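The values are calculated or read from the model by the stated rules, or taken from the named source; none is laboratory data. Just so it is clear, the model here is predicted, and its values are computed rather than measured. All Cβ positions, glycine included, derive from the backbone under ideal geometry; neighbour counts span all protein chains shown.
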Amino acid sequence: MGRVAIITGAGRGIGAATAMLAASRGYKVCVNYRSSAESAREVVAAIAGAGGKAVAVAADVAVEEDVVRLFEIAARELGPVTALVNNAGILERQMRVEDMDAARIRRVFDTNVVGSFLCAREAVKRMSTKRGGPGGAIVNVSSGAARWGSPDEYVDYAASKGAIDTLTVGLSKEVAREGIRVNAVRPGLVITDIHAAGGEPGRVERMKVSVPLGRGGMPEEVATAILWLLSDEASFTTGAIIDVSGGR
Ligand SMILES: NC(=O)c1ccc[n+]([C@@H]2O[C@H](COP(=O)([O-])OP(=O)(O)OC[C@H]3O[C@@H](n4cnc5c(N)ncnc54)[C@H](OP(=O)(O)O)[C@@H]3O)[C@@H](O)[C@H]2O)c1
């Protein structure tokens with residue numbers, strides 16, 4: 001049976017790099033996006049151009065019906081899903097906790113936490129050997145922010161990633177005897193558009209002195225860790241959280 005991966009937020013950034021690498025390793029790939037339709041189509045075209053198979057599916061992971069539809073389309077178009085990368089994530093403008101309103105905190109938690117839970121739920125329903133599924137692997141994209149706390153920038157985002165670490169540990173134990181491994185990567189200072197969303201496009205440049213390796217990371221360097229965790233080479237690894245942060 002072929003391997004089928006759903007990668008959320010795969011139109012750009014770390015998700016796009018992960019989709020491309022997964023396709024090159026033989027996965028059929030569902031490239032989920034929320035608003036970046038054009039770049040998601042480009043990822044699909046690049047995969048097809050290299051001889052792989054992929055489909056782009058619009059879905060907001062924070063919306064339950066969207067997530068259910070995403071998994072249905074992926075299964076119909078590509079076959080039974082065997083891998084999920086919970087990559088979609090947002091942060092908002094840098095500010096202190098005392099200035100945050102409830103709407104902002106909810107937006108961050110809806111996408112980063114509720115979205116990851118909903119996608120994990122749908123994946124487990126389809127993968128669990130207890131339910132007749134083929135088994136599989138889930139990788140959650142957390143953040144070094146879960147360890148650092150991101151003071152004066154986005155403690156809400158950091159806290160949402162702390163929740164992802166706990167989801168990883170708890171779910172990994174829940175489904176360990178059902179053929180599903182659940183792990184996470186915790187990237188730090190990777191060169192993508194996410195820093196512009198926080199209002200500081202040059203953030204990696206400013207902060208790279210704090211990275212022992214002395215530079216920001218590339219999305220592809222996170223993708224390789226994700227693909228290892230998804231692969232059979234990681235067959236005895238579950239509940240693990242790998243820091244991909246240049247030693248920071
Ligand atoms: N870059 C870093 O330094 C860094 C560090 C640690 C952790 N991370 C984590 O890595 C992951 C990817 O981030 P990135 O750096 O690649 O950021 P990015 O370039 O800003 O990409 C974010 C991706 O998430 C998608 N997305 C956001 N909200 C969504 C929703 N509700 N439903 C579906 N997709 C949604 C976006 O899709 P659309 O464009 O279609 O809206 C986009 O593809 C995130 O979870 C982030 O927290 C990044």
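Would you please name the residue that is surrounded by the fewest Cβ atoms within 10 Å (Cβ to Cβ), looking only at residues in region 200-222 that are β-branched (Val, Ile, Thr) and near the ligand (Cβ under 10 Å from one of its atoms)?
Filtering first and then ranking leaves VAL204.
So if I check each of ALA197, ALA184, ALA225, which one is within 13 Å of the ligand (Cβ to nearest atom), under 17 Å from VAL124 (Cα atoms) and of a type outside the set (D, E, K, R)?
Every option except ALA184 fails the conditions.
Within region 132-154, identify whether any single residue is among the hydroxyl-bearing types (Ser, Thr, Tyr) and in contact (Cβ under 8 Å) with a residue 60 or more places away in the chain, and answer yes or no.
yes
Is there a residue in region 157-176 that is in contact with a Ser or Thr (Cβ under 6 Å, 6 or more places away or on another chain) and free of Cβ contacts under 8 Å to residues at least 24 places away in the same chain?
Within region 157-176 (the criterion being in contact with a Ser or Thr (Cβ under 6 Å, 6 or more places away or on another chain) and free of Cβ contacts under 8 Å to residues at least 24 places away in the same chain), the answer is yes, since at least one residue qualifies.
Restricting attention to region 129-181, which residues are buried (at least 19 other Cβ atoms within 10 Å of the Cβ), away from the ligand (no atom under 16 Å from the Cβ) and of a type in the set (Gly, Ala, Ser)?
Across region 129-181, the qualifying residues are GLY133, GLY136, ALA137, SER172.
Return the residues of region 129-146 that are of a type outside the set (S, T, N, Q) and not in a helix (DSSP H, G or I); say none if nothing qualifies.
Selection gives GLY132, GLY133, PRO134, GLY135, GLY136, ALA137, ILE138, VAL139, VAL141, GLY144.
Can you tell me which residue among ARG104, ARG126 is at pLDDT 95 or above, surrounded by fewer than 17 Cβ atoms within 10 Å (Cβ to Cβ) and part of a helix (DSSP H, G or I)?
Step by step, each of ARG104, ARG126 is checked, and only ARG104 is at pLDDT 95 or above, surrounded by fewer than 17 Cβ atoms within 10 Å (Cβ to Cβ) and part of a helix (DSSP H, G or I).
Please return the ranges of helices (runs of 4 or more DSSP H) entirely within region 178-247 where 2 or more residues are touching a residue at least 24 places away in the same chain (Cβ under 8 Å).
Filter on region 178-247 gives 194-197, 219-230.
List pairs: first residue in region 36-52 and within 10 Å of ALA10 (Cα to Cα) and without any contact (Cβ under 8 Å) to a residue 60 or more places away in the chain, second residue near the ligand (Cβ under 10 Å from one of its atoms) and basic (Lys, Arg) anywhere in the structure, Cβ distance under 7 angstrom, at least six positions apart or on different chains.
SER36/ARG12; SER39/ARG12
Out of LEU171, LEU213, LEU227, which single residue is within 21 Å of VAL113 (Cα to Cα) and of a type in the set (A, V, I, L, M)?
LEU171
So how many residues does region 76-95 have that are of a type in the set (A, V, I, L, M) and in a helix (DSSP H, G or I)?
The total comes to 1.
With the checklist (1) closer than 17 Å to GLY246 by Cβ; (2) out of contact with any Leu (no Cβ under 8 Å at 6 or more places or on another chain) in hand, flag the one item GLY170 doesn't pass.
Looking at each condition in turn, GLY170 falls short on (1).
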